[in-house]
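Structure first, then comments.
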Amino acid sequence: MASDILNTKIIEDIRNLLILSRQNLAQTVNSAMVQTYWNIGRIIVEDEQAGEQRAGYGKKQLEFISDKLTIEFGKGFDTRNLRNMRKFYTIFPNWNAVSTKLSWTHYRTLFRIEKDEVRQWYMQESIANNWSARALDRQISSLYYERLISSKEKIPVENEAKEKTKELQLTPKDVLRDPYIFDFLNLPSQSLLESDIEQALIDNLQKFLLELGRGFAFVSRQKRLSVEEQDFYIDLVFYNFKLKCFLLIDLKLGKLTHQDVGQMDTYVRIYDKFEKSEDDNPTIGLILCSEKSQAVAKYSVLNDSKQLFSSKYLPYLPSEEELKQELLRERSILLEDLK
């Protein structure tokens, strides 16, 4: 019996060592690859600049380099990849600005972004949240940055990732956004219940946390609050470690109503009194609805409360143009309310 326990411990220790070794090896390989590709891009750019007087230099030279490298080193050095390496150096001419915490696939995804400040934001978010390349691609495709800043009061807003001190000044409006995209649920458009959406979000919790944003952790589903012999049930409860507060989410099909707002206001008040700790900040209530009501948002407690919010959720990822139109519509409403 004792020998079995000892053998189990030995195997576990070796297993952990091998896992750590593989992780370190993968990180080393990734760092070497990123630095090598950056240097290849540097050599190409410097050579092009030196030979800029030669007609048709770029295309012919890249084809020549590609042919020679492919013969000796195999795949991975076609002209398209060489152009990416050249672009890598062009975008990041200072090696100190490159993070080896991101893979080559991350950087190829970041190349799609034209604005430097937006690219830097996604880069920092990828590092801070340990996004995979696929997660980064999805966030860019769903206009994560644009949706985030459209949810803020001040327009234009400062880049969230530029100053670490800004995290100390975050407000709920800096974290919550509108709309949320639930394309990862693959839900039918008809015969849908709120409980179906709730179950699908739980089944896809990791992707839901990614969509919610930075600093969220799942706490509870159908959280029961008992007050004066009456029970209330909150669909979903999360905690945000940046804001240091709980987030209560109520899912609604159809248009937002005053009753929905009143119900969430009750949830938040009860949760603040009986559930949150003294060192927690005030609880946030978010009503996720399939259709918003401008009148309810403007002439209810939502308009004045710093802790109650409503956001629209979309069951599929719209086209980039559709998302831009949605953001413009929400921004015009926001500007109108600020007048």
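Site pair D272 and E291 shows an inter-label distance of 3.2 nm when each label is modelled 7 Å from Cα along Cα→Cβ. Per-residue extension of 0.36 nm, minus the Cα-Cα distance of E228 and M33, leaves a gain of 63.9 nm for this segment.
For the range 207-253, the spread of Cα coordinates along the three principal axes comes to 37, 27, 13 Å, biggest extent given first.
Protection proxy ranking, highest mean first, for peptides 108-115, 92-99: 108-115, 92-99, where packing is the per-residue count of other beta-carbon atoms within 10 Å, averaged. Measuring with a 1.4 angstrom probe and ignoring ligands and nucleic acids, D279 comes out at about 120 Å² accessible. Between the beta carbons of E72 and I127, assuming R0 = 35 Å, the FRET efficiency works out to 0.55 to the nearest 0.05. Taking every DSSP beta bridge that has both residues in the range 179-331, what percent is antiparallel when rounded to the nearest 5? Antiparallel: roughly 50 percent of the beta bridges in the range 179-331. Neighbours of L185, meaning other residues whose beta-carbon lies under 14 angstrom from its beta-carbon, give a summed charge of -4 when Lys and Arg score +1 and Asp and Glu score -1.
Taking all protein chains as present, what is the carbon and sulfur share of the accessible area of the range 63-137, in % to the nearest whole number, probe 1.4 Å?
On the way: 2010 of 4350 Å².
Ligands and nucleic acids excluded, carbon and sulfur give 46 percent.
In the full protein context, the range 169-302 carries 50 Å² of accessible surface per residue, based on a 1.4 Å probe and ignoring ligands, DNA and RNA.
The values are calculated or read from the model by the stated rules, or taken from the named source; none is laboratory data. Everything numeric here is computed off the predicted structure, so don't read it as measured data. All Cβ positions, glycine included, derive from the backbone under ideal geometry; neighbour counts span all protein chains shown. These accessible areas exclude ligands, DNA and RNA; they are computed on the full protein's heavy atoms, side chains included. Shrake-Rupley method; radii C 1.70, N 1.55, O 1.52, S 1.80 Å.
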